[in-house]
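I have placed the structure first, in the form of structure tokens, so that the comments after it can refer back to it.
The values are calculated or read from the model by the stated rules, or taken from the named source; none is laboratory data. Worth saying up front: this structure is predicted, and the values here are computed from it rather than measured. Please note: Cβ atoms are built from the backbone with ideal geometry, for glycine as well, and neighbour counts cover all protein chains shown.
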Amino acid sequence: MKQIDLINIRHNSLDEARASVASSLEQRQQNYSLSAELYNDPHTFRIDMEEIFHKEWLFVGMTSEIPKKGDYFTVEIGQNPVFLVRDGDGNVNAFHNTCRHRGSVICTEHRGKVANLVCPYHQWTYDLKGNLLFAGTEMGKDFDMKKHGLKPAHCKTAGGFIFVCLGKDAPDDGFSDFLATLEEYMAPYDVENTKLAVESNMHEQANWKLVLENNRECYHCANNHPELLNTLLEWDDTNDPRAPQDFLDHYQSQADKWDAEGIPHKHQSFGSRQRNRIVRMPLKKNTKVMTIDGGAGCQKMLGRIKNPELGSMRILHLPNSWNHMQSDHFIVFRVLPISPQETMVTTKWFVHKDAVEGVDYDPERLRQVWDATNDQDRILGERNQQGINSIGYEPGPYSETFEYGVINFLDWYSDTILKHLKG
Ligand code: 3BY
Ligand code: FES
Ligand code: FE
């Protein structure tokens, strides 16, 4: 068969897949889980990557991971290696991690510090703003250094969070309002004066949407998360429709103290289907943070915080992050798809930059509860995927009171895919 025919076949089957995904989403039963092909099919996966992960804003990490000039970390967004680097003006820049000579990856370590960015293949060298500084002496007299700078990705920071967007044009949909509020709500934490204490990378054999769905409800918590439930209240929001009076009273008495200290806490949401949400939730009575016994995780509080009982400020960013900001440490979560049925879940714990390991905090104690919880959630996600792969699977109903967060996520997913596919 001629090469051209092969290309046409590939394109036809992807076009068919786009039409099939669009029609599955248009015809899906509202408030039901998706059809199996949307959770396990390689074409759907490619469409999810192209229409969501290559076009939408994604959470990648925190500014305090790269505090000084030349500090960088790398991240893989599907098949796109990207790196984040702090430049000499203190700004965080995102670049595609691919050399403008013949495409080699430039930063080969997960984290590091550089004066300039030197490609390991033929030593083309770029500055921290992506300008090409050196390409040897053999590129010929017509070679234009200015046309061969690193390809940037959109990058925004707020309240210490770093977001990137690989699309040509970055969408807004409430994102700038979210960033302004994030800046305000995160101010007490002074993220620039924190440091990464622990990082975990968990490989899960489940579609990325199942990982998100699992996180968006606590229907499964009582039977699966004994360590987390020592401190976490199962209500997901202060306006949770199921929240009983004793929770509302507890919330009010905590909120009065937060108000006295100028700690923001009111529910705020942004974008369609609550794509972004920030809300501070109290933890269980007489607990401070999400440790195994609810006692301190670190002896040094973050930023200007005085009250150890700040509960957890939950920050949601669809499609790929949820977070828990507490008085003495905070925990960020990042979800990145690997293949139709594989996902990387990265969790990072941060403490005050002057906190001393072994004196002020014990990394094992800090990570214990969420290591256990993540592993429990991994098993739940993998079982969910296995069942969906069965010919016996058919979409089932979500509870509108217990699983409204899942409904919001899938509505956002469906709207976003359809918006992009239908142009
Ligand atoms: O705490 C979380 O991050 C989410 C919210 C509810 C279930 N899950 C444990
Ligand atoms: Fe980077 Fe050749 S591929 S210098
Ligand atoms: Fe869970």
For this session: Report, ordered by the first and then the second residue, all pairs with beta carbons closer than 6 Å, sequence separation of six or more or different chains, a first member in the stretch 308-333 that is under 12 Å from residue 283 (Cβ atoms), and a second member that is among the small types (Gly, Ala, Ser) and surrounded by 21 or more Cβ atoms within 10 Å (Cβ to Cβ).
Result: 308/327; 310/327; 324/312; 326/312
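Does residue 378 qualify as being touching a Pro at 6+ places or on another chain (Cβ under 9 Å) and either of a type in the set (Ser, Thr, Tyr) or surrounded by fewer than 21 Cβ atoms within 10 Å (Cβ to Cβ) (or both)?
Details: touching a Pro at 6+ places or on another chain (Cβ under 9 Å): no; either of a type in the set (Ser, Thr, Tyr) or surrounded by fewer than 21 Cβ atoms within 10 Å (Cβ to Cβ) (or both): yes.
Answer is no for this residue.
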Problem set entry | Qualifying positions in the stretch 226-253 - among the β-branched types (Val, Ile, Thr) and either at pLDDT 95 or above or part of a helix (DSSP H, G or I) (or both) | 231
Problem set entry | In the stretch 352-371, residue nearest to ligand 1 (Cβ to nearest atom) [restricted to those that are buried (at least 16 other Cβ atoms within 10 Å of the Cβ) and under 25 Å from residue 234 (Cα atoms)] | 370
Exercise. What number of residues within the stretch 316-330 are more than 21 Å from residue 77 (Cα to Cα) and either within 16 Å of ligand 3 (Cβ to nearest atom) or assigned to a strand (DSSP E or B) (or both)?
Worked result: 3
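Of all residues in the stretch 140-194, count the ones that are within 14 Å of residue 61 (Cβ to Cβ), touching a strand residue (DSSP E or B) at 6+ places or on another chain (Cβ under 8 Å) and not hydroxyl-bearing (Ser, Thr, Tyr).
Narrowing the stretch 140-194 to residues within 14 Å of residue 61 (Cβ to Cβ): 153, 155-164, 191-192, 194.
From what is left, the residues that are touching a strand residue (DSSP E or B) at 6+ places or on another chain (Cβ under 8 Å) are 153, 155-157, 160-164, 191, 194.
If we keep only those that are not hydroxyl-bearing (Ser, Thr, Tyr) as well, we get 153, 155-156, 160-164, 191.
Looking only at that region, the number is 9.
Being within 22 Å of the chain's Cα centre (by Cα) and more than 14 Å from ligand 3 (Cβ to nearest atom) is the filter here; which residues of the stretch 221-238 pass it? So that I can check it myself, show each step before the final result.
The first filter runs over the stretch 221-238 and keeps only residues within 22 Å of the chain's Cα centre (by Cα), leaving 221, 225, 228, 232, 234-237.
Within the stretch 221-238, 235, 237 qualify.
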Exercise. List, please: which pairs have Cβ atoms under 6 Å, are six or more places apart or on different chains, and start with a residue in the stretch 198-225 that is in a strand (DSSP E or B) and end with one that is near ligand 3 (Cβ under 10 Å from one of its atoms) and among the small types (Gly, Ala, Ser)?
Worked result: 204/381
Exercise. Can you tell me how many residues in the stretch 269-314 are surrounded by fewer than 17 Cβ atoms within 10 Å (Cβ to Cβ) and not in a loop (DSSP other than H, G, I, E, B)?
Worked result: 1
Exercise. Which of the strands (runs of 3 or more DSSP E) contained wholly in the stretch 94-166 include at least 3 residues that are more than 20 Å from residue 66 (Cα to Cα)?
Worked result: 132-134
